[in-house]
1. From the residues in segment 1-52 that are small (G, A, S) and within 24 Å of A67 (Cβ to Cβ), which one is nearest to the chain's Cα centre (by Cα)?
2. For R99, are the conditions met, namely being assigned to a loop (DSSP other than H, G, I, E, B), more than 10 Å from the chain's Cα centre (by Cα), among the basic types (K, R) and surrounded by fewer than 15 Cβ atoms within 10 Å (Cβ to Cβ)?
3. Kindly indicate the residue of segment 46-94 that is among the small types (G, A, S), at pLDDT 95 or above and in contact with a Phe, Trp or Tyr (Cβ under 7 Å, 6 or more places away or on another chain) and also nearest to D7 (Cα to Cα) among those meeting that condition.
4. Name the pairs whose Cβ atoms lie under 7 Å apart, with the first residue in segment 1-26 and modelled with pLDDT of 90 or more, the second in a helix (DSSP H, G or I) and among the polar types (S, T, N, Q), and 6 or more positions between them or separate chains?
5. Taking the residues in segment 62-92 that are among the aliphatic types (A, V, I, L, M) and touching a residue at least 24 places away in the same chain (Cβ under 8 Å) as candidates, determine which candidate is surrounded by the fewest Cβ atoms within 10 Å (Cβ to Cβ).
6. Looking only at residues that are out of contact with any Leu (no Cβ under 9 Å at 6 or more places or on another chain), surrounded by 11 or more Cβ atoms within 10 Å (Cβ to Cβ) and of a type in the set (V, I, T) in segment 1-51, which one is nearest to I78 (Cα to Cα)?
Amino acid sequence: MITRTCDLCAAARLTTWHHEDGVCWIADCELCAVPMVVWRAHGTAPPADDVTQMIAMLERVAGTHFAEFFVDDHRRNIPDHWHAHARPKGPAALDWFKRRLR
């Protein structure tokens, strides 16, 4: 029997980490290179208080990277583990894309 482990539960330090506590960790997403908050528990429905705390921490970290950003909690590649990305918007998005293309 093959058991697939969750990449987010594994929490391998493949990119820059910005924060970690008992509820979540925040690191640059391996795929899109923006700050991403990950709930430490495996699942898709964290308690509201945890979500509030995680989003606040993500906003704090993202504010040091982007002048403007939005929180994107749509789980595209790992749908069974709650996480959210801070994505740049406005002029910050253009600057981010230019840096990614270098």
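The values are calculated or read from the model by the stated rules, or taken from the named source; none is laboratory data. What you see is a predicted model; the values in this text were computed from it and never measured. When we count neighbours, we look across all protein chains shown, and the Cβ atoms used for this are built from the backbone with ideal geometry, even at glycine.
1. As a first pass, look at segment 1-52 and keep what is small (G, A, S): 10-12, 22, 27, 33, 41, 43, 45, 48.
Then drop every residue that is not within 24 Å of A67 (Cβ to Cβ), which leaves 27, 33.
Numbers: A27: 6, A33: 9 Å.
Of everything passing the filter in segment 1-52, A27 is nearest to the chain's Cα centre (by Cα).
2. Details: assigned to a loop (DSSP other than H, G, I, E, B): no; more than 10 Å from the chain's Cα centre (by Cα): yes; among the basic types (K, R): yes; surrounded by fewer than 15 Cβ atoms within 10 Å (Cβ to Cβ): yes.
No: the conditions fail for R99.
3. Within segment 46-94, the subset among the small types (G, A, S) is 48, 56, 62-63, 67, 84, 86, 90, 92-93.
Add one more test, that the residue is at pLDDT 95 or above, and what stays is 48, 56, 62-63, 84, 86.
From what is left, the residues that are in contact with a Phe, Trp or Tyr (Cβ under 7 Å, 6 or more places away or on another chain) are 62, 86.
Numbers: A62: 22, A86: 19 Å.
Checking each candidate, the answer is A86.
4. V23/Q53
5. To start, the set of residues in segment 62-92 that are among the aliphatic types (A, V, I, L, M) comprises 62, 67, 71, 78, 84, 86, 92.
Pick out the ones that are also touching a residue at least 24 places away in the same chain (Cβ under 8 Å) and you get 62, 67, 78, 84, 86, 92.
Details: A62: 24, A67: 11, I78: 13, A84: 21, A86: 24, A92: 16.
Taking the candidates together, the pick is A67.
6. Filtering segment 1-51 for residues that are out of contact with any Leu (no Cβ under 9 Å at 6 or more places or on another chain), surrounded by 11 or more Cβ atoms within 10 Å (Cβ to Cβ) and of a type in the set (V, I, T), the one nearest to I78 (Cα to Cα) comes out as T44.
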